[in-house]
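Novice: Dropping a structure here in structure tokens format, bear with me for questions.
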Amino acid sequence: MEWYEILITIIIGVVAGFINTLAGSGSLLTLPLLMFMGLPANVANGTNRIAILLQNVVGVSSFKQQKIFAFNEGIWLAIPAIIGSVLGAALAVDINEQIMEKIIAGLLIFMFFFILYKPERWLKGKSEIKSKPGIMQIIIFFFIGVYGGFIQAGVGFFLLAGLVLGAGFDLVKANAIKVFIVLLYTAFALAVFIINDQVNYLVGFVLASGNMLGAYIASKLAVKKGAGFIRIILLATLAISASKLLGLF
């Protein structure tokens, strides 16, 4: 890698790590960057998982240090997501990527207006939260895991929706648990890409250095600014991500 490639990769990584930790879709920045640098799409997808993994190590450590969540609050939702992620990473199906992007964009637009219309659902969690998820929550998080293992980009939005609307967490705690779940399933998904020799380690660790810094900054801001701040970031990121997937820029 040339020095300017390293610099650009780190800068994009910082932005992506920040976005991923507070909302989602940072991979919409990193995947095009990796492919622009000459990596095949499948190798870019695998290489990006190194940055995602290390980014979430930092995010989880920071949220845990700030006593935002306990591991047992996320582990039962992480298990079906892990199983789904292995399946998603191993899938070798002939899927129309353009159609998939339009469907995801539609879901993101729906989520944008739902958050805008029902802010109280995202700012305040339920007073009582079950210690273990129900069957429907297990199914939902399994399919979120499948999607996350398959492509990663945008999975943060779906995890936040599941954690806030399905599990009843407030947006700050949901962000912390989201980072924890992504950390766990990414380790398994990355293993699949490594086994299939679809990881560029040098580029992955350079990108990860930026992602880790972005995750640290975001985790501190999330706790300091609270759910209202996260909601604003979430709305902005949803709008931009949906527009990009629809090909508006």
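The values are calculated or read from the model by the stated rules, or taken from the named source; none is laboratory data. Computed from a prediction, not measured in an experiment: that's the story for all the values here. A quick note on method: Cβ atoms are made from the backbone with ideal geometry, for glycine too, and the neighbour counts reach across all protein chains shown.
Novice: Restricting to the stretch 70-109, name every residue that is within 19 Å of Leu28 (Cα to Cα), within 19 Å of the chain's Cα centre (by Cα) and at pLDDT 60 or above.
Specialist: Within the stretch 70-109, Ser85, Gly88, Ala89, Glu101, Lys102, Ile103, Ile104, Ala105, Gly106, Leu107, Leu108, Ile109 meet the criteria.
Novice: Give me the residue from the stretch 203-235 that is closer than 16 Å to Asn20 by Cβ and among the β-branched types (Val, Ile, Thr) and, out of that set, farthest from the chain's Cα centre (by Cα).
Specialist: Ile217
Novice: Report, by residue number, each residue of the stretch 49-67 that is crowded, with 22+ Cβ neighbours inside 10 Å, out of contact with any Gly (no Cβ under 7 Å at 6 or more places or on another chain) and β-branched (Val, Ile, Thr).
Specialist: Ile52, Val58, Val60
Novice: Collect the residues in the stretch 1-26 that are touching a helix residue (DSSP H, G or I) at 6+ places or on another chain (Cβ under 6 Å) and under 25 Å from Asn196 (Cα atoms), keeping them in residue-number order.
Specialist: Thr9, Gly13, Ser25, Gly26
Novice: In the stretch 174-185, which residues are over 16 Å from Tyr216 (Cα atoms) and more than 10 Å from the chain's Cα centre (by Cα)?
Specialist: Selection gives Ala174, Leu184, Tyr185.
Novice: OK, next. Looking only at the stretch 3-36, which residues are within 13 Å of the chain's Cα centre (by Cα) and without any contact (Cβ under 8 Å) to a residue 60 or more places away in the chain?
Specialist: Answer for the stretch 3-36, where residues must be within 13 Å of the chain's Cα centre (by Cα) and without any contact (Cβ under 8 Å) to a residue 60 or more places away in the chain: just Leu29.
Novice: Counting only residues that are part of a loop (DSSP other than H, G, I, E, B) and not β-branched (Val, Ile, Thr), which one in the stretch 169-200 is surrounded by the most Cβ atoms within 10 Å (Cβ to Cβ)?
Specialist: Checked the stretch 169-200; the qualifying residue surrounded by the most Cβ atoms within 10 Å (Cβ to Cβ) is Phe169.
Novice: To continue, here is another question. Val155: touching a Gly at 6+ places or on another chain (Cβ under 7 Å) and modelled with pLDDT of 85 or more, yes or no?
Specialist: Criteria not met by Val155.
Novice: If you don't mind, there's one more thing I want to ask. Just give me the residues in the stretch 2-48 being outside any helix (DSSP H, G or I), on the phi < 0 side of the Ramachandran plot and surrounded by fewer than 24 Cβ atoms within 10 Å (Cβ to Cβ), in sequence order.
Specialist: If the condition is that a residue be outside any helix (DSSP H, G or I), on the phi < 0 side of the Ramachandran plot and surrounded by fewer than 24 Cβ atoms within 10 Å (Cβ to Cβ), then Glu2, Met37, Leu39, Pro40 are the ones that fit.
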